[in-house]
Amino acid sequence: MKRGAAAFVAARWALSSAARSRLLHGFAAPRRPHHQTPGDFGLTACPLRIPATGGKTLFAWWVPTASRAALPSAAVLVIHGWGVNSAMMLPAMLPLHAAGLAVLMIDARCHGASDEEDFMSMPRFAEDIASGLDWLHQRPEVDATRLAVLGHSVGAAAALLCAARRRDVAAVVSLSAFAHPTALMRRMLTGRRVPWMPLGWALTRYVQHVIGARLDDIAPVTTLPALICPVLLVHGVDDEVVPYADALRLQAASGGRAELLPVDAGHDLSDAVGSCAGRIVGFLTRTLHV
């Protein structure tokens with residue numbers, strides 16, 4: 001009890017207003033412009049503004065199927081990771097489109113060309129995925145019973161969270177998802193030489209207060225077992241941001257139901273997508289009945 005009280009007092013001291021401001025600013029996502037568009041790959045894409053939570057809007061690219069004979073078509077919502085934007089996911093989009101899938105690529109709030117927010121979080125990524133799914137439901141050329149989500153890193157964790165809350169996601173492809181955000185934060189703080197006790201411990205609890213959710217409740221290791229749809233976990237065996245052990249932990253949490261695809265890559269799978277595109281497309285065409 002005395003130890004717990006001492007930790008609480010230390011946390012209150014460590015997380016002064018100035019310290020909180022500096023730490024949260026340090027974790028804010030950098031906003032980067034799009035360096036490529038679908039047009040650079042010879043594809044015709046429609047740029048959109050999609051309504052999002054709190055009156056905000058999301059920038060998106062809509063790439064419908066090339067053949068109208070296949071309508072209404074299955075569709076895949078593609079979401080990037082922290083600090084990048086949908087342009088990073090273009091290599092993943094190309095094989096999906098070639099397989100006859102419609103693709104919606106969105107920028108999360110505070111990323112790419114989407115609206116600004118006071119802060120972003122994994123639950124807010126999940127909200128943006130939900131906004132994209134709602135938009136797909138309104139498209140007459142889309143079969144709303146055949147919707148999948150493909151996400152990277154934080155986007156992958158958010159895809160699992162969103163799919164656990166809804167029943168209209170028919171499949172999830174998770175690229176480089178972490179098992180638990182606390183472990184991810186601990187690794188990041190260690191890399192920045194921030195001591196876990198009391199500062200990291202206190203920051204974790206402050207983050208939970210800000211985002212309005214317990215990290216244990218939104219962790220992929222918690223949400224994945226609740227999913228009723230098929231899941232493919234794609235993870236680089238040389239990932240230094242989220243160790244491959246996280247993928248093994250997630251598959252174990254699913255009771256072996258989630259498929260695991262190890263790839264010879266690090267955390268950014270952009271260059272490796274081509275080598276595993278067949279497995280990803282095969283999983284989606286099988287689960288979405290394309």
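Just so it is clear, none of the values below were taken in a lab; they were calculated from the coordinates. Just so we're clear, the structure is a prediction, and the values are computed from it rather than from any experiment. Backbone-built Cβ (ideal geometry, glycine too); neighbour counts: all protein chains shown.
Based on alpha carbons, the Rg and Dmax found for region 74-221 are 16.1, 54 Å.
Using r as the Cβ-Cβ distance of residue 210 and residue 53, and R0 as 22 Å, what FRET efficiency do you calculate, to the nearest 0.05?
Numbers: r = 16 Å, r/R0 = 0.71.
Efficiency for this residue pair is about 0.90.
Rank these for me by crowding, 117, 240, going from fewest to most other beta carbons within 10 Å. Mind showing how you got there, number by number?
Numbers: 117 18, 240 10.
The most exposed by this proxy come first: 240, 117.
For region 212-273, averaging the sequence separation of C-alpha pairs within contact (under 8 Å, six or more residues apart) and dividing by the residue count gives a relative contact order of 37 percent. Residues 116, 127, ranked from the fewest to the most other C-beta atoms within 10 Å, line up as 116, 127.
Taking the charge dipole of the chain about its Cα centre, with +1 at Lys and Arg Cβ atoms and -1 at Asp and Glu Cβ atoms, the residue from 248, 110, 191 reaching farthest to the positive side is 191.
Think of each Lys and Arg Cβ as +1 and each Asp and Glu Cβ as -1; about the Cα centre, that makes the dipole of the chain roughly 1020 debye.
Averaged over every viewing direction, what's the projected area of the C-alpha convex hull for the chain? Give it in nm², one decimal, please. For the chain, averaging the hull's shadow over all directions gives 15.2 nm².
Given region 59-117, what whole percent of its Cα pairs are spread farther than 19 Å?
Tail fraction, whole percent: 32.
Indicate the gyration tensor shape class of region 135-225 (rounded, prolate or oblate), computed on the Cα atoms with a ≥ b ≥ c the square roots of the eigenvalues: a/c under 1.5 is rounded; otherwise a/b larger than b/c is prolate and the rest oblate. In terms of gyration-tensor shape, prolate. Pairwise alpha-carbon distances in region 35-94 exceed 18 Å for 43% of all pairs.
The charge dipole of region 222-290, taken about its Cα centre with unit charges on the Cβ atoms of Lys, Arg (+1), Asp and Glu (-1) only, comes to about 500 debye.
When DSSP assigns beta bridges and you keep just the ones with both residues in the chain, what percent turn out antiparallel, to the nearest 5? Provide the component values of the computation, followed by the final result.
Numbers: 10 of 35 bridges.
Looking only at bridges with both residues in the chain, the antiparallel portion is about 30 percent.
In region 132-179, a dipole from Cβ-located charges (positive for Lys and Arg, negative for Asp and Glu) runs towards its positive end, and of 162, 173, 147 it is 162 whose Cα lies farthest in that direction.
How much of the calculated P(r) for region 217-290 lies past 13 Å, in percent of all Cα pairs? Display every interim value, and only then the final one.
Working: 1801 of 2701 pairs.
Cα-Cα pairs in region 217-290 separated by more than 13 Å: 67 percent.
Counted by neighbouring Cβ atoms within 10 Å, the residues 84, 237 run from fewest to most as 237, 84. Of the two radii for region 164-290, the radius of gyration is 1.01 times the Kirkwood radius, both from the alpha carbons; that is the Rg over Rh value.
Given a Förster distance of 22 Å, report the FRET efficiency between residue 194 and residue 119 from their Cβ-Cβ distance, rounded to the nearest 0.05.
Values: r = 19 Å, r/R0 = 0.85.
Given R0 = 22 Å and the Cβ-Cβ separation, E is 0.75.
Using a cutoff of 8 angstrom between alpha carbon atoms and counting only pairs six or more residues apart, the relative contact order for the chain works out to 17 percent.
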